[in-house]
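Data block below; observations after.
The values are calculated or read from the model by the stated rules, or taken from the named source; none is laboratory data. This one's a predicted model, so the numbers in the text were calculated from it and none came from an experiment. Neighbour counts run over all protein chains shown; Cβ positions are idealised from the backbone, glycine included.
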């Protein structure tokens, strides 16, 4: 039942992403006509996912605290592998948004690597300052272009259970990216593709001061639209008899893999849960 509900919600999300993508990337979109600078999806991808995650978290409310007792990252190998794949994929995504093998694509790939590496070094140093240890996970998992925004701990301010930090990592990052485009975008970088020379103006560095206000209006519109529509879709699904986005209490404690799929990845994790569920009067279980 939960799997069907999530599938319906995922399909309905087209009502959030597609209009925003049309606004900025279709020649008839209002953001396109305004001259918004959104190279690779700061709003359709980043803000849309962050604002939608915030709405989704508010509708679902927080997970049970009993389930969170043993909740922690546990597989550094998969973190490493996922980070390598993600970094490689970014080069295709960001470089490919130039629609050709040109200098603009090279610049996009270079900036993707440069910002990731500097963010990685910064985060490792912050980790070391607090724990006096060089964290592999801190470098690999938290290196991303937007991870430093997560230090803002937005979800704690809003008191929501955003387990993947989507609002901080994607939403806030997309907002900052769009505003920085209004400040630092330059026409000679945009024109490196050999097509956009003299067609698209830059931001403040090109003395195009109104660009920042255009970017801000676009950012606010996309954030509001994503949040309201996502919250509405999630609420409507919850009102339909037989469809519930929130898993049952027993399913949460047992684990959604076991409850929905009938399998789990790690025996020791399920053993620990089984022991806790079977001996509730013994208090919190701790491995020595």
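Observations, loosely collected:
- Within segment 221-235, residues that are touching a residue at least 60 places away in the same chain (Cβ under 8 Å) sit with their Cβ atoms under 7 Å from residues that are not in a helix (DSSP H, G or I), at 6+ positions apart or across chains, in these pairs: 234/245.
- Per the listing 9, 32, the residue uniquely closer than 19 Å to residue 166 by Cβ, part of a helix (DSSP H, G or I) and either assigned by TED's automatic domain parsing to the domain that holds residue 169 or within 17 Å of the chain's Cα centre (by Cα) (or both) is 9.
- Selection within segment 239-261: residues that are over 21 Å from residue 75 (Cβ atoms) and out of contact with any helix residue (DSSP H, G or I) (no Cβ under 7 Å at 6 or more places or on another chain). The member of this set that is modelled with the highest pLDDT is 239.
- Looking across segment 16-31 at every residue that is surrounded by 15 or more Cβ atoms within 10 Å (Cβ to Cβ) and out of contact with any helix residue (DSSP H, G or I) (no Cβ under 6 Å at 6 or more places or on another chain), the one that is nearest to residue 97 (Cα to Cα) is identified as 22.
- Conditions (1) at pLDDT below 80; (2) part of a helix (DSSP H, G or I); (3) over 22 Å from residue 170 (Cα atoms): number failed by residue 123: (3)
- Subset of segment 91-105 (residues that are surrounded by 13 or more Cβ atoms within 10 Å (Cβ to Cβ) and touching a residue at least 24 places away in the same chain (Cβ under 8 Å)): 93, 94, 97, 98, 102, 103, 104, 105
- Verdict on residue 178 being surrounded by 19 or more Cβ atoms within 10 Å (Cβ to Cβ), modelled with pLDDT of 85 or more and within 22 Å of the chain's Cα centre (by Cα): yes
- Here the condition is being at pLDDT below 80 and part of a loop (DSSP other than H, G, I, E, B); of 199, 275, it holds for 199 alone.
- Selection from segment 182-195 of residues that are within 20 Å of residue 43 (Cβ to Cβ) and either outside the structural domain of residue 35 (by TED's automatic domain parsing) or free of Cβ contacts under 8 Å to residues at least 24 places away in the same chain (or both): 184
- When 172, 151 are screened for being under 28 Å from residue 123 (Cβ atoms), assigned to a helix (DSSP H, G or I), at pLDDT 80 or above and in the same structural domain as residue 226 (by TED's automatic domain parsing), only 172 passes.
- Exactly one residue out of 212, 183 is part of a helix (DSSP H, G or I) and surrounded by fewer than 16 Cβ atoms within 10 Å (Cβ to Cβ): that is 183.
- Residue within segment 224-231 that is surrounded by fewer than 16 Cβ atoms within 10 Å (Cβ to Cβ), at pLDDT 85 or above, within 24 Å of residue 18 (Cα to Cα) and under 25 Å from the mean Cα position of the chain (by Cα) present: yes
- The listed residue being assigned by TED's automatic domain parsing to the domain that holds residue 184, in a helix (DSSP H, G or I) and at pLDDT below 85, out of 78, 91: 78
- Some residue of segment 59-66 being at pLDDT 80 or above and part of a loop (DSSP other than H, G, I, E, B): no
- Residue tally, condition surrounded by 14 or more Cβ atoms within 10 Å (Cβ to Cβ) and either closer than 18 Å to residue 42 by Cα or free of Cβ contacts under 8 Å to residues at least 12 places away in the same chain (or both), over segment 79-90: 3
Here is a yes/no grid of residues against (1) at negative phi; (2) outside the structural domain of residue 183 (by TED's automatic domain parsing):
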position	(1), (2)
210	yes, no
226	yes, no
231	yes, no
238	yes, no
241	yes, no
252	yes, yes
255	no, yes
